[in-house]
Amino acid sequence: MAKLRQKNPRTVRQAEEVRGLEHLSMDVAVNFSKGAQLSSHIHNVCAEAKEAIYTREDDVKFWLEKGVDGSMFEVLPQTSDLPDLQRCKLCADRWKPCICSYSLSIEWYPCMLKYCKSRDAGGKVSSYKCGIRSCQKGYTFDYYVPQKQLCLWDEET
């Protein structure tokens, strides 16, 4: 892929393939001070969110199998544990715990090689690399917050 070049690199592009929306439940909190075991980038990327680093239970299982210390993880309350727990955008009291949502859309990214077909002089069809296929993907992350005050952007949706 390194040899493929865009013909017009400043062009605003539209994705050729929409890969849909993935809904992820971030049901485990990560202790910031021990997070370097997961990635050396956590201290830089998550420095402003020390008290609010979340991951999925499936990811925790993977890391535990790799030998990561389990004491850095704390399972968060779920809607099944607390029947009164509601989505933050529906919650009127700013000091009440709720489930916060954050949506992210990656509008354009290179996702695979594109192949074109040609015919040689004998009429035989052959394919060759002719570009990069582009995709779009969306994510919605749901996670517990101890008070709606920590999830004010969820009111906008």
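Annotations
- (1) 10.0; (2) 8.5; (3) 14.7, with the label sought being that of the calculated mean projected area of the Cα convex hull in nm²: (3)
- The range 75-115 versus the range 32-68: alpha-carbon centroid distance in Å: 18
- At R0 = 41 Å, FRET efficiency that the Cβ-Cβ distance of THR11 and GLU74 yields, to 0.05: 0.35
- Value of [θ]222 nm, deg cm²/dmol, for the chain, DSSP H segments ≥ 4, -39500 (n - 2.57) each, nearest 500: -2000 deg cm²/dmol
- When the charge dipole of the range 36-157 is built from unit charges on Cβ atoms (+1 for Lys and Arg, -1 for Asp and Glu) and taken about the Cα centre, the candidate among THR55, PRO97, GLN78 whose Cα reaches farthest toward its positive end is THR55.
- Put a plus charge on the Cβ of each Lys and Arg, a minus charge on the Cβ of each Asp and Glu, and nothing anywhere else: the dipole of the range 61-140 about its Cα centre is then about 780 debye.
- Order by protection proxy (mean Cβ within 10 Å, highest first), peptides 147-153, 61-67: 147-153, 61-67
- As a fraction of the 1.4 Å probe accessible area of the chain, surface on carbon and sulfur atoms comes out at 52 percent.
- Cross-link pairs LYS61/LYS148; LYS89/LYS148; LYS7/LYS114 - those with Cα-Cα distance over 18 Å: LYS61/LYS148
- Placing +1 on the Cβ of every Lys and Arg and -1 on the Cβ of every Asp and Glu, with no other charges, gives the chain a dipole of roughly 1520 debye about its Cα centre.
- Relative contact order (percent, whole number), the chain, Cα cutoff 8 Å, 6+ residue spacing: 32
- Theoretical FRET efficiency, 1/(1+(r/R0)^6), r = Cβ-Cβ of SER40 and ARG133, R0 41 Å, to 0.05: 0.85
- Considering only alpha-carbon pairs that sit under 8 angstrom and 6 or more positions apart, the relative contact order computed for the range 82-141 is 34 percent.
- Each peptide in 85-96, 133-144, 116-127 receives the mean, over its residues, of other Cβ atoms within 10 Å, and ordering these scores from highest gives 133-144, 85-96, 116-127.
- Accessible surface, the chain, averaged per residue in Å² (probe 1.4 Å): 71
- Residue order for SER105, SER39 - accessible surface, 1.4 angstrom probe, largest first: SER105, SER39
The values are calculated or read from the model by the stated rules, or taken from the named source; none is laboratory data. Small disclaimer: the values here were computed from a predicted structure and weren't measured. Ideal geometry is used to build each Cβ from the backbone, glycine not excepted, and the neighbour counts take in all protein chains shown. Just so you know, the surface numbers come from the protein's heavy atoms only, side chains and all, with ligands and any DNA or RNA stripped out. Shrake-Rupley method; radii C 1.70, N 1.55, O 1.52, S 1.80 Å.
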